[in-house]
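Accompanying notes for the structure given below.
No value in this document is a laboratory result; all are computed from the given coordinates. What you are looking at is a predicted structure, and each value in this text was computed from that prediction instead of being measured. Here the Cβ is made from the backbone with ideal geometry for all residues, glycine too, and neighbour counts use every protein chain on show.
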Amino acid sequence: MARFMGSVRGSRGEATRLGGTNTGLQTICNGWHEGIHVVAQVIGEKDYFTIYTTGGSSHRSPSSLLLTINEDGTITRNDTFMTWKCEDEECGEECDRDYKTLAEAGNPYCPKCNGDMKLK
Ligand SMILES: [Zn+2]
């Protein structure tokens, strides 16, 4: 079963798309001058839904991050950081990433040994 499911309904009816753990799912709903962009993704083992404004079809204003809805239903503002730790115990490097960076670049790699990192 797919991890994410998105649907859209407009003048030509309804369409749906699925998203997996690696692909996530993104949806955009634009008016002329404002809209929203939702990025659904898996970070660590959990689902996160990050919501941006888009500036609309006219791109009147730049995209900006509003907030992130966490799997447990709590809401995180865009200036919150998550701490990651290198999976290599001997390395043990830690780094902080905010939601905006995670939404754009995905899970971080260790800045010291380039290994996988896990949420601390
Ligand atoms: Zn490392």
For the chain, calculate the relative contact order in percent as a whole number, restricting contacts to Cα pairs under 8 Å that are 6 or more residues apart.
15 percent
Total Lys pairs in the chain closer than 15 Å by alpha-carbon, pairs eight or more apart in sequence or interchain only?
5
Dipole of the range 1-78, positive direction: furthest Cα of Met5, Asn22, Ile36, with charges on the beta-carbon:
Ile36
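Based on the Kirkwood radius over alpha-carbon pairs, what is the Stokes-Einstein translational diffusion coefficient of the chain at 4 °C with 1.567 mPa s viscosity, in µm²/s? Intermediate results must be reported in sequence, preceding the final value.
Values: Rh = 15.8 Å.
It diffuses with D of about 82 µm²/s by this estimate.
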extent check for the range 57-120: Cα max minus min per principal axis, descending, whole Å, gives 50, 26, 15
Report the residues of the range 50-91 in range of a label on Glu34: point 7 Å along Cα→C-beta, backbone N strictly under 14 Å from it.
52-66
Describe numerically, in nm with one decimal, the distance between label points set 7 Å from Cα along Cα→Cβ at Glu93 and at Ser64.
3.3 nm
Cα centre as origin, Lys/Arg/Asp/Glu Cβ charges: the chain dipole, Debye
700 debye
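With n ≥ 4 as the cut-off for DSSP H runs, can you work out [θ] at 222 nm for the chain, using -39500 (n - 2.57) per run divided by the number of residues, rounded to the nearest 500? It would help to have the intermediate numbers written out before the result.
Details: 1 runs with 7 residues, N = 120.
Here the helix-only value at 222 nm equals -1500 deg cm²/dmol.
Given the Cα-Cα distance of Phe81 and Lys100 and 0.36 nm per residue of separation, how much length would full extension add, in nm?
Length gained, Phe81 through Lys100: 5.9 nm.
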